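Heads up: the structure comes next, in structure tokens.
The values are calculated or read from the model by the stated rules, or taken from the named source; none is laboratory data. For clarity, every value in this text was computed on a predicted model and none was experimentally measured. In this analysis, Cβ positions are derived from the backbone assuming ideal geometry, glycine residues included, and neighbour counts consider all displayed protein chains. The area values use the complete protein model at the heavy-atom level, side chains included, leaving out ligands, DNA and RNA. Shrake-Rupley method; radii C 1.70, N 1.55, O 1.52, S 1.80 Å.
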Amino acid sequence: MTTSVAACGLLGSLVTACGSSGSDTTTLRLVAPEYGTSAATGSKAYWDKLTAAFTAAHPGTKIEVTLYPWADIDREVTRMVEEDNAPDVALMGAYSDFAAQGRLYSASDVMSVRSEANFLRPLAAAGSVDGNLYGLPFVASSRLLFYNEELFDEAGAEPPKTWSELKAAAKELKKDGVLYPYALPLGPEEAHAEALIWELSNGGGYTDDSGGYNLASEQNTETFDWIKENLVVPALTGPVPPAELNRQDAFTAFLRGDVGMVNGYPSLLHEARAKGMKVGTLRMPVSDTLGNTQTPPAAGVADWMMAFKHDGNRDLVSSFLNFVYEDKNLSEFAGRYHLLPSTVSATEASQYAATDPSAEQFLTALRSAQLYPVDEPSWLQVSDTIKRNIGRAVAPSADPKTVLEQIAQQAKDETQK
């Protein structure tokens, strides 16, 4: 799906090249994912409006926007790069492999000092490699545990703060006939998010203190052992095996009223409340080993803008990115999809936060959240390995340690390529 907006005239001193061809000296190509779920919520309307405003303010420019489904965006941008036809700007879920290839401008190359300093600190840290910001955070979300208050009341269950309390609540929900007491989406769509949420709640995670992968750590092994023995084997995770349950399917079941608990983000909360559901939110319950002694970080997720180097395109890319990151433009996109803007000023000005006080808990969680190790060039491949395999770790017949060690070995192989 492609949408483009053009304006006539000259750009003054801006002489730019688009992609490797350099065929149009005033055209910028943007490749972005589709955030909408229908024609009414599609991203095209936002980009049409934004690019029209930009070209009106910069006569002689043309912005070509190509949208791909999230399932395809990483592969499509990678293909373009391999074919030496990278866009000028791309928005996707990873950036560091392109930074490692020397293909990206740093933020200091294309952003004003004020714009670069405006990113939320944990997002800027995740977008940086060797102290240089290459992945420009666009929108973000943190994850909290959602629970259906009506189902909890009917089952006499209590909102959990620890894993053992989560298990107890799930047992009560199952007794009351809830289809998915705890929805565990470890299917390939976004298994790496659910896995990280659980790992963090036991003091683990994807990396160690030095930043290297630590996928089969003792804490992570304990985590998946516990999930398997206490949730999956007792059939507290619903009728679909976790390895086959995708995030969207879990969310759809939650909106139907078939799920007692699920980890979610702001847009799901908005959808649920729009349907009249009573939904409670909590930080992810911690393992009984940690108990009240620690408050692990929430899991955070960000989407990344990146600017590809092409002869002569730097000035136009700079003008466009500084425009995109103006508060009104960033806030409009974040509000459209009930996500969190990535900058301090847009967060403070966010209409979503102002009109929905519950948004503040997601913002609070995001400020100290742990994100994926997106600064590791192999993350794109490693995350795919996790998504396709981590669900096997909780299968009733599986040995979680063996599965995690297999994933860790594949990650090591990817890192050494």
**Request:** Over the chain, give the accessible area per residue in Å² for a 1.4 Å probe, as an integer.
**Result:** 41 Å²
**Request:** Evaluate the Debye formula for the stretch 142-216 with equal point scatterers sitting on the alpha carbons, no solvent, and hand back log10 of I(q)/I(0) at q = 0.22, 0.26, 0.27 Å⁻¹, in q order, two decimals.
**Result:** -1.03, -1.21, -1.25
**Message:** Past the 19 angstrom mark, what percentage of all C-alpha to C-alpha distances in the stretch 91-241 do you count?
**Reply:** 64 percent
**Prompt:** Quick one: ranking Lys417, Lys412, Lys167, Lys278 by accessible area, 1.4 Å probe, largest first, what do you get?
**Reply:** Lys417, Lys278, Lys412, Lys167
**Item:** Flagged links, alpha-carbon separation over 28 Å, of Lys175/Lys401; Lys44/Lys278; Lys278/Lys401; Lys309/Lys417; Lys161/Lys412
**Value:** Lys175/Lys401; Lys44/Lys278; Lys278/Lys401; Lys161/Lys412
**Prompt:** Cα extents of the stretch 56-148 along the three principal axes, largest first, in whole Å?
**Reply:** 50, 34, 34
**Message:** Can you tell me, using C-alpha contacts under 8 Å and at least 6 residues apart, the relative contact order of the stretch 131-239 as a whole percent?
**Reply:** 22 percent
**Message:** Per q in 0.06, 0.10, 0.13 Å⁻¹, report the Debye log10 I(q)/I(0) for the chain, using one uniform scatterer on each alpha carbon and no solvent.
**Reply:** -0.25, -0.69, -1.12
**Item:** Label-point separation in nm, Thr295 to His270, each point 7 Å along Cα→Cβ
**Value:** 2.6 nm
**Convex hull volume per residue for the stretch 189-255, taking Cα atoms only, in Å³** = 95 Å³
**Request:** Report the label-to-label distance for Arg388 and Ala117 in nanometres (one decimal), using points 7 Å from each Cα along the Cα→Cβ vector.
**Result:** 4.5 nm
**Asked** Which whole-number percent gives the relative contact order of the chain, counting Cα pairs below 8 Å spaced six or more residues apart?
**Response** 25 percent
**Message:** Based on the alpha carbons, how large is the Rg to Rh ratio for the stretch 317-417 when Rh follows Kirkwood?
**Reply:** 1.15
**Prompt:** Under a no-solvent Debye model with one identical scatterer per Cα of the stretch 230-387, what's log10 I(q)/I(0) at q = 0.12 Å⁻¹?
**Reply:** -0.73
**Request:** First compute the accessible area of the chain with a 1.4 Å probe, then give the percent of it belonging to carbon and sulfur atoms.
**Result:** 48 percent
**Complete:** Here, Ala57 and Glu348, labelled 7 Å along Cα→Cβ, have an inter-label distance in nm of 2.0 nm
